[in-house]
Structure formats: structure tokens, C-alpha cells
Amino acid sequence: MKADASRQWRLLDLAELDTRLDQITHRLRSSDEQRAVDAATRRRADIDTDLVLARTAVSDVDREVRRAEDEVQLVRDRLTRNQSRLDSGQGTAKDLQALQHEIASLQRRQSTLEDQELEVMERAEGHQATLDRLEARAAELEAELAETVSARDALVRTLEAEREQVTGRRGDVAGGVGEDLLALYTTIRESVGGVGAAALRQRRCEGCHMELNQVDLGRIRSAADDQVLRCEECRRILVRTPESGL
Ligand SMILES: [Zn+2]
């Protein structure tokens, strides 16, 4: 293929813009910012499981507290009733003795139940403290997640804006390359990966960084300026520059 030197040089501009576009794509796919979002999302999700367990524990123990309170109240009410019957002094001596006996037994029962109620309330406080601590931590993690998302979004916006700008410039440059040369460049870019053209600088192909041997250099020296050359190593279009070292 033949293409004058200025068209070939444009390929180097094109390759530079394509390199930048590839970097932007890579950065968008795997940035530290995205990794930070993923890590913060995992931490936030992990604590959700603990929160569910802690909330269940609190509501279970709250039910226990209410049950304990009800039981104590029943005994208190019965004591009050018995006490007023005793105070009224009605009934036989035997009845009153039985009543006194029951009151003593109810008082012991009340004391046991109050101890149990206290124990349940202490457990409830412990569960509530755990829940409070987890909720505070969840709020911290939520804020951390929001921060990482906002940093990631800022990066994406910056890169998208740059991509748009570079793509625009690439369109202008590609227009000056010409269809035939651009088609060759595109085919090579797709098959080799990276860029489709590279400069020959200091006898080295800048696409694959291999130094050219004397035979290839001799062939290049004798080639016409408008001859489109290829690197024998990586098959990229090899563009001669004033620093080629020929
Ligand atoms: Zn090469």
C-alpha cells in the first residue's frame, strides 16, 4: 500500500489517541474508586445480617420483659386482694390462717418473679446496647459508602468527558488518514490489540519494542517515502520518523 508520509504520521496521532481511549476504558472497568465502592458495599451488607439478628434479639427479649411484668402484676393484684380480705377480718379463724399462709406464699412467689424480671431486663439492656452499637456502625458505613460512590461518580464523569473529547479529536485525525490506510490500521488494531501503527525510533519498533535487524533496516532504507511498511515482529504499520536511526 502507498500513502504519503503526512498520512502515515497522522497514524501516530491516531495511535496516541487510541492508547488514551484504551486507558480510559480500562480505568472505567477497574479503578481504585470502583474497588472502594465494592468493598464499602460488602462491609455495609455484612452488617445488615448482624442488624437483623440484633433486632430480632431485642424484640424477643422485649416480649420476655412484658411477660415477666405481667406475671409479677398478677401476683401483686392477688396479694392486694388477699390483704384486703385479711384486713376486713371476715371469715373463720381457720380461713384467716389459710389466707395468711397464702399471702406468705405469694410474697415468696413475687420475690422470685421480681428477680426473674430484673434478670430479663438486664438482658434486654444488653441486647439494646448491641443494637445501638451496630446501628451507629451501620450509619458510619453508610456514610463511607456514599463517599466512595461520590468519588467513583466524579471519576466516571471526568473520564466520560475526556473520552468524548478524545473521540472527537480522533474523528478529525482519522478523516485525514484516508479510508484505505484507516481500514488497514483498524484491522491490525483489532487483531494485534493496542494500536495499529507504531513509530520507528532509534531502529526500534515502538509497538513491540523490538530492535530491527540489519536486513529489515536495509529494506526500509531503500523503501520509498510513500511505501507503507510493516513491523516484521508485531505486524503493525511501521512509521518512519526523523529519529528512526536509518
Ligand atoms: Zn513491532
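If I ask for residues that are among the polar types (S, T, N, Q) and in contact (Cβ under 8 Å) with a residue 12 or more places away in the chain, which ones from the stretch 26-56 would you list?
Across the stretch 26-56, the qualifying residues are Ser31, Gln34, Thr41.
Residue-wise test of (1) of a type outside the set (Asp, Glu); (2) crowded, with 16+ Cβ neighbours inside 10 Å; (3) modelled with pLDDT of 95 or more.
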residue: Ala136; (1), (2), (3): yes, no, yes
residue: Leu141; (1), (2), (3): yes, yes, yes
residue: Leu145; (1), (2), (3): yes, yes, yes
residue: Ser150; (1), (2), (3): yes, no, yes
residue: Thr158; (1), (2), (3): yes, no, yes
residue: Glu162; (1), (2), (3): no, no, yes
residue: Gly168; (1), (2), (3): yes, no, yes
residue: Leu182; (1), (2), (3): yes, yes, yes
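If Cys208 satisfies every condition in (1) within 12 Å of the ligand (Cβ to nearest atom); (2) over 15 Å from Thr19 (Cα atoms) but one, which is the exception?
Tallying (1) within 12 Å of the ligand (Cβ to nearest atom); (2) over 15 Å from Thr19 (Cα atoms), Cys208 fails exactly one: (2).
Out of all the residues in the stretch 209-231, which are open to solvent by less than 100 Å² (accessible area, probe 1.4 Å) and part of a loop (DSSP other than H, G, I, E, B)?
Result: Met210, Leu212, Asn213, Ala223, Ala224, Asp226, Val228, Cys231.
Quick check on the stretch 74-81. Is at least one of its residues within 39 Å of the chain's Cα centre (by Cα) and free of Cβ contacts under 8 Å to residues at least 12 places away in the same chain?
No, the stretch 74-81 contains no residue that is within 39 Å of the chain's Cα centre (by Cα) and free of Cβ contacts under 8 Å to residues at least 12 places away in the same chain.
Filter the stretch 232-246 down to the residues that are within 14 Å of the ligand (Cβ to nearest atom) and open to solvent by 30 Å² or more (accessible area, probe 1.4 Å) and list them by number.
Hits for the stretch 232-246 are Glu232, Glu233, Arg235, Arg240.
Are any residues in the stretch 64-87 open to solvent by 70 Å² or more (accessible area, probe 1.4 Å) and hydroxyl-bearing (Ser, Thr, Tyr), and if so, which ones?
Thr80
The values are calculated or read from the model by the stated rules, or taken from the named source; none is laboratory data. Remember, it's a predicted structure, so these values are computed and weren't measured experimentally. Cβ sites come from the backbone with ideal geometry, for glycine too, and all protein chains shown count toward neighbours. Protein only, heavy atoms only, side chains kept; ligands, DNA and RNA dropped before computing areas. Shrake-Rupley method; radii C 1.70, N 1.55, O 1.52, S 1.80 Å.
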